[in-house]
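Shown next, in structure tokens, is the structure this report addresses.
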Amino acid sequence: MDFSRPTYTLEEATRKLEGYCAYQERCHKEVVQKLRDMRMIPDAIDHIVVHLIDHNFLNEERFSMSYARGKFNIKKWGRNRITQELKRRDISQYNIKKAVAQLNTAAYLETLDTLAKKRLDGIKETNSQKRRKKLADYLLYRGWESHLVYDKITELIK
């Protein structure tokens, strides 16, 4: 038996997870994993998760909205990448749609334009076909929709 890691009572674990959720928005999957790492039994995990939801420490809709805003504003991710990452966190389809829909279309297209121009300035390739491919790969990796990416490339590279 491993005695080096602490054990927690139900009350201690609940308080610890309240702090964990208050510090930043968390999804259910992160909270359950944290409780498993604390070696809590399944009944205790269920009890604590219900408590966190009831006391509004844990809210999947709020998490998904915050996550989408943050990844778009800070990392400049497109809708596809945000959707993919939320799915990885087992967020419901309803909440994913709602989170992605909140992104302002004008700001979204403006960000794509800025990002594409900045990246294009950094591509040293002289062959226009290779420049197109490098720019497309970059923008698609970041989760921008392909039709927007190809329209932007056509606009920027003659």
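The values are calculated or read from the model by the stated rules, or taken from the named source; none is laboratory data. These numbers were taken from a predicted model, which means no experiment stands behind them. Every residue, glycine among them, receives a Cβ derived from its backbone with ideal geometry; neighbour counts consider all protein chains shown.
Just for helices (runs of 4 or more DSSP H) wholly inside the stretch 9-128: which have at least 2 residues that are of a type outside the set (D, E, K, R) and either closer than 21 Å to Arg142 by Cα or in contact with a strand residue (DSSP E or B) (Cβ under 8 Å, 6 or more places away or on another chain) (or both)?
Details: elements: 10-23, 28-37, 42-54, 60-75, 79-88, 93-101, 105-122.
Counting at least 2 such residues, we get 60-75, 79-88, 93-101, 105-122.
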Scope the stretch 19-66; condition of a type in the set (S, T, N, Q), under 25 Å from Gln102 (Cα atoms) and without any contact (Cβ under 8 Å) to a residue 40 or more places away in the chain; matching residues: Gln24, Asn56, Asn59, Ser64
statement: Among the residues of the stretch 32-83, the number that are under 30 Å from Thr114 (Cα atoms) and not aliphatic (A, V, I, L, M) is 19
message: Just checking, does the stretch 117-135 include any residue being outside the structural domain of Lys76 (by TED's automatic domain parsing), aliphatic (A, V, I, L, M) and under 15 Å from Arg81 (Cβ atoms)?
response: no
query: What are the residues in the stretch 63-93 that are of a type in the set (S, T, N, Q) and touching a Cys at 6+ places or on another chain (Cβ under 9 Å), if any?
result: Ser64
- request: Within the stretch 129-158, work out how many residues are buried (at least 17 other Cβ atoms within 10 Å of the Cβ), assigned to a helix (DSSP H, G or I) and among the aromatic types (Phe, Trp, Tyr).
  value: 1
message: Looking only at residues that are under 12 Å from the mean Cα position of the chain (by Cα) and loosely packed, with under 13 Cβ neighbours inside 10 Å in the stretch 31-74, which one is farthest from Asn95 (Cα to Cα)?
response: Ile74
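Just the residues that are of a type in the set (Asp, Glu) and surrounded by 13 or more Cβ atoms within 10 Å (Cβ to Cβ), please, taken from the stretch 1-30.
Within the stretch 1-30, Glu18, Glu25, Glu30 qualify.
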